[in-house]
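Written below as structure tokens is the structure these notes are about.
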Amino acid sequence: MKQSDTKSHPSPTVIPRSDHGISRADISESALKVLYRLKKAGYAAFIVGGGVRDLLISQHPKDFDIATDALPDEIRSLFRNSRLIGRRFRLAHVRFGREIIEVATFRASGDGDGIDEDREHHAESGRILRDNVYGSIAEDIWRRDFTINALYYNIADFSVWDYTSGMADIEAKSLRLIGDPETRYREDPVRMLRAVRFAAKLGFTIHESSASPISSLAPLLKDVPAARLFDEVLKLFQSGYAVRSFELLDEHGLFEYLFPATADRLRGPDADHARLFIRSGLQNTDQRVAEGKPITPMFLYAVMLWPVIQEHARVLVEEGLPDAQAMTEACYRVVGEQQLATSLPKRYGIPMREILQLQYRFENRRGARAARFLEHKRFRAAYDFMVLRANCGEVDEELANWWTEVQERTAADLNQAFGIGKRSSSSRRGGRKRRRRASAGTSA
């Protein structure tokens, strides 16, 4: 399917190389290899989506996606280092070591006369269920979500093709859906979350036409699989823009469909403290991302669910359960409920519960058991969480400072810090008497 015919479709605005700031020096060598090989074979080859957008606003793209008129099998035959993936829409992954370049065939609207099994299918809500329809670049443009993600960089002459208002919206820092917003959100409700994520990441404003339907259509997120929403949560809160994402989710009525119990707490009598705690935790996450430090969903979910777990534990204590047991039970209940909204894999859920259950151990600063706590595999994560609590007034600052300082001590100083020393003479005499009685009993 070489050099697609676009004469029957609207022509793009073509921005020549001299009028945009994209340089090949900023494009991955692997992406350039794919582009040039497609071009040499006679196919159209474009970088599309976030890669073009980020290059235009002087950000470093995390990846480069390529669109072409070559069919998946034709792409596969050109690149031995590729494999075809996807059921809803087939595309190719071309691997260069650890880097993967995604190559997709131009998509059509699915309204034509294609074979039924390859045509677009919708649920009653309007959500797209299958999307394996190929077309031209002029058709492909309408299958993308936002105008700023619908710009094509053409390797043939290094120009940028704009079929919508993408370039103008980038200049205006405006996030605008292509087509009718309500229809587009019904096709894929996750687009509402993507709108928030891009607005937070780029510092853009969601255009009024794209923002207005969100609050009324937010309940559509309940039909999205919990595992997919988990992935979206990580993108929203672990990309360095967590605080702004939280604010926008709350503003547009989306947060309650990701963390329903937490949203209820934010409307409750202790809402101000719960909101302060979550914001502080998200600020901590953003700072770690900015500093290149590791982050984990375990800590994120601990921050989001702690106000709910804390309240559940308080009620259980009032019902007669010991503090530690109440915390354990509260963790299981709240995490179980959360799984219905956004799934939390066990590899994150189990350690999350552990760091919350360990919070009580910081109260004990005396004896060998307290000293051994420093060696616990979850100590550092539990400590970081305790410090966050201290910053929000939940834990005495002196306690947090003590645990901070004790980690700097030598082994000899640790014994003194935890009160581990020689036993008193009376204690030793008592021990000798017990051993003599035990010895006498054995002899008898």
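For residues in segment 394-415 being of a type in the set (D, E, K, R) and surrounded by 14 or more Cβ atoms within 10 Å (Cβ to Cβ), which is nearest to R365 (Cα to Cα)? Going through the qualifying residues, I end up with R409. State whether the residues of segment 339-354 include one that is charged (D, E, K, R), over 22 Å from the mean Cα position of the chain (by Cα) and either within 30 Å of K222 (Cβ to Cβ) or assigned to a loop (DSSP other than H, G, I, E, B) (or both). Checking segment 339-354: not a single residue is charged (D, E, K, R), over 22 Å from the mean Cα position of the chain (by Cα) and either within 30 Å of K222 (Cβ to Cβ) or assigned to a loop (DSSP other than H, G, I, E, B) (or both). If you check G268, G253 for being part of a loop (DSSP other than H, G, I, E, B), at pLDDT 95 or above and surrounded by fewer than 21 Cβ atoms within 10 Å (Cβ to Cβ), only one passes: G253. One residue is enough: does segment 226-240 have a residue meeting the conditions more than 20 Å from S343 (Cβ to Cβ) and part of a loop (DSSP other than H, G, I, E, B)? Scanning segment 226-240 turns up at least one residue that is more than 20 Å from S343 (Cβ to Cβ) and part of a loop (DSSP other than H, G, I, E, B). I need the full set of residues from segment 161-207 which are within 23 Å of E232 (Cα to Cα), acidic (D, E) and assigned to a helix (DSSP H, G or I), in order please. Within segment 161-207, E182, E187 qualify. For segment 247-276, a residue qualifies if it is more than 24 Å from R184 (Cβ to Cβ) and within 15 Å of the chain's Cα centre (by Cα), and exactly one does: F259. Residue-level analysis places L202 outside the set of residues that are surrounded by 21 or more Cβ atoms within 10 Å (Cβ to Cβ) and under 29 Å from I57 (Cβ atoms). Give me the residue from segment 50-86 that is over 19 Å from A199 (Cα atoms) and of a type in the set (S, T, N, Q) and, out of that set, surrounded by the most Cβ atoms within 10 Å (Cβ to Cβ). So the residue we want is T68.
In segment 219-247, the residues that are under 11 Å from K201 (Cα atoms) form Cβ pairs under 9 Å with partners that are of a type in the set (F, W, Y) and at pLDDT 95 or above, at six or more places apart or across chains, as follows: L236/F246; F237/F246; S245/F237. Filtering S280, S210, S216 for residues that are in the same structural domain as Y301 (by TED's automatic domain parsing), assigned to a helix (DSSP H, G or I) and polar (S, T, N, Q) leaves a single hit, S280.
When you scan segment 417-428, do you find a residue that is surrounded by 11 or more Cβ atoms within 10 Å (Cβ to Cβ), at pLDDT 50 or above and in a helix (DSSP H, G or I), even just one? Yes, segment 417-428 contains a residue that is surrounded by 11 or more Cβ atoms within 10 Å (Cβ to Cβ), at pLDDT 50 or above and in a helix (DSSP H, G or I).
The values are calculated or read from the model by the stated rules, or taken from the named source; none is laboratory data. Here the structure is a predicted model, which means the values were calculated and not measured. Methodologically, a virtual Cβ is constructed for each residue, glycine included, from the backbone with ideal geometry; neighbour enumeration extends over all protein chains shown.
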